[in-house]
Every structure is written in C-alpha cells, then in structure tokens.
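One structure is given below, encoded as structure tokens.
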Amino acid sequence: MARRGLLLILSSPSGAGKSTMARRLMDWDTTLKFSVSATTRKARPGEEHGVHYWFHDHDGFRAIVDQGGMLEHAEVFGNFYGSPRAPVEAAMAEGRDTLFDVDWQGGQQIRNSALGRDAVSVFILPPSIAELDSRLRGRGQDSEEVIAGRMAKSRDEISHWAEYDYVLVNDDQDDCFERLRAIITAERLKRERQPDLAGFVRGLNEEFAAR
Ligand code: ADP
Ligand code: 5GP
C-alpha cells in the first residue's frame, strides 16, 4: 500500500550518538533517504563530498539559501549548515522517508515549514555528561579546543529536549536503536500516512456485500 513519506528529525548534543543511530537506521531500511546537509565547515578525514556533507564556501552556501534551496539552515559551531530542499521534496513525492541529522534550530525550522505536519522528531540524550565527554574523546576526531566548544554547545542543545516528539536516553546502543525502530514503525502506521486505506476498506466492504 502507498504511504506518505515522513521527515524523521534526529537531534542530540554532539557525541550522544545520533550519527551512530542514523547509520544503523540506514542499514536497517535501505528505502530511507538520508538528507545530506550542506556545510561551510571543512571536511574531516574520511568525509566525502556528497556522501557525508556537501562542502561549500560561504558564498556558495549563501547562494543556495538566497535561491530558497534550503529547507532550513543555521549556524552551528561558527559554521553554516543547511538541509537542501529538492531531495526532500523528491523523496516525499515517492512516499519515501527522509532522515535528518540536524541541531535544534534545524528541528524547529523543519517543524515550522510547510512540510512540518509530516515531521517526527526524536531527541537523543546521553546517559550522563561524563559519558558524553568520554564519547566525544573516544571518537578521536576533534582537538581539545573543539571538544571544549562542543561540550559548551551541548548544554544549549539539551535545553531544547522538550520541543521533540520523542526523547531517548542512549545508554545501551542496541536498546536505543530498538526503541528508535519502534517509533518509526508506529509512525509509519498512522492512519493519515496510509492514503490507500479508505480504498482498501472499501474493497473489504465489497467483499462483505458479495458474500
Ligand atoms: P553524534 O553523531 O551524536 O555526535 P556519534 O554517533 O558520532 O555521536 O557517537 C559518538 C561516539 O560515541 C562514537 O565513537 C560512537 O561509536 C560512540 N557511541 C554511540 N552510541 C554509544 C553508546 N550507546 N554507548 C557507547 N558508545 C556509543
Ligand atoms: P558536525 O560538524 O559534527 O558534523 O555537526 C555539528 C552539528 O551540526 C550537529 O549538531 C549536527 O546535527 C548539526 N547539523 C548537521 N547538518 C545540519 C543541517 O543541515 N542543519 C542544521 N540545522 N544542523 C545541522
């Protein structure tokens, strides 16, 4: 049966595990489309243009914003980030779900956009601040200065937890993933996301009548 696509927004303080959850979701369901964000930040080792991010300079990024090409955009850690609009609209037209890894500003803007009624937002909390700090360090990607900046931003990010539809504490990774999967499965079954249901039930009634 056809289904209306949903916009699945994942936010968390940096290091709480949203990229890990996003990767697991993409492996679980290959029909999910990941919204590859545009950013003005420099690529980290191993990051590929068009796979992890679309890397732009300031002028290039600004030009896309000015043309209305971003569904949302925001400044995070001194760089600009934004979700390109066209791939999201294409996915919606195909009845496919799009997964967003965005900060609270992105979450707010998507919820308030014309596509907001199809948004489902999930906030991921760390089990403790000590664990958040240790995960950021364990990732081994950032300098001491960058880690300090991310920890300072975490407090601000966490303050927006109550704006989200669902909140998960990412203690055990497998448990957290199971709960996230349950959210998506249930959201997909909502009546309004199944446009063919009325026709299906009409068919059941015709079958009744023919007995
Ligand atoms: P984010 O995308 O939120 O910044 P990541 O997904 O990159 O966070 O996770 C940060 C680090 O923590 C990674 O090294 C990841 O492997 C690890 N991690 C993620 N979830 C858990 C978990 N539940 N328990 C322990 N480590 C985790
Ligand atoms: P990072 O630089 O570690 O990849 O991401 C830093 C932060 O920017 C994360 O909180 C991430 O969720 C957020 N982010 C990534 N892409 C976007 C985007 O397109 N829009 C917004 N608003 N935030 C984003």
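The values are calculated or read from the model by the stated rules, or taken from the named source; none is laboratory data. Predicted model only: the values in this text are computed from it and were never measured. Cβ sites come from the backbone with ideal geometry, for glycine too, and all protein chains shown count toward neighbours.
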Positions within the stretch 124-150 being within 13 Å of ligand 2 (Cβ to nearest atom) and hydrophobic (A, V, I, L, M, F, W, C), in sequence order: ILE124, LEU132, LEU136, VAL146, ILE147
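Go through the stretch 120-135 and count every residue that is closer than 13 Å to LYS18 by Cα and either modelled with pLDDT under 95 or assigned to a loop (DSSP other than H, G, I, E, B) (or both). I'd like the intermediate steps shown before the answer.
Pass one, the stretch 120-135, residues closer than 13 Å to LYS18 by Cα: 121-126, 132, 135.
Within this subset, residues satisfying the condition of being either modelled with pLDDT under 95 or assigned to a loop (DSSP other than H, G, I, E, B) (or both) are 126, 135.
Looking only at that region, the number is 2.
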Residues satisfying the stated conditions in the stretch 76-101, i.e. under 21 Å from TYR164 (Cβ atoms) and charged (D, E, K, R): ASP97, ASP101
Hits in the stretch 52-96 - residues which are under 27 Å from ARG4 (Cβ atoms), within 20 Å of the chain's Cα centre (by Cα), hydrophobic (A, V, I, L, M, F, W, C) and not in a strand (DSSP E or B): ALA86, VAL88, ALA90, ALA91, MET92, ALA93
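Which residue, of ARG179, ARG111, ARG117, is modelled with pLDDT under 95, closer than 23 Å to ASP29 by Cβ and not β-branched (Val, Ile, Thr)? First the steps, then the outcome.
Details: ARG179 fails: modelled with pLDDT under 95; ARG111 fails: modelled with pLDDT under 95.
After applying the criteria, what remains is ARG117.
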Cross-chain or 6+ apart pairs with Cβ under 6 Å, the stretch 117-143 first and farther than 17 Å from PRO45 by Cβ, then more than 8 Å from ligand 1 (Cβ to nearest atom) and basic (Lys, Arg): ALA119/ARG111
Conditions (1) modelled with pLDDT of 95 or more; (2) touching a strand residue (DSSP E or B) at 6+ places or on another chain (Cβ under 8 Å); (3) farther than 19 Å from LYS33 by Cβ: number failed by ALA186: (2)
Scan of the stretch 1-43 for residues that are of a type in the set (D, E, K, R), within 9 Å of ligand 2 (Cβ to nearest atom) and either under 11 Å from the mean Cα position of the chain (by Cα) or surrounded by 23 or more Cβ atoms within 10 Å (Cβ to Cβ) (or both), ordered by number: LYS18
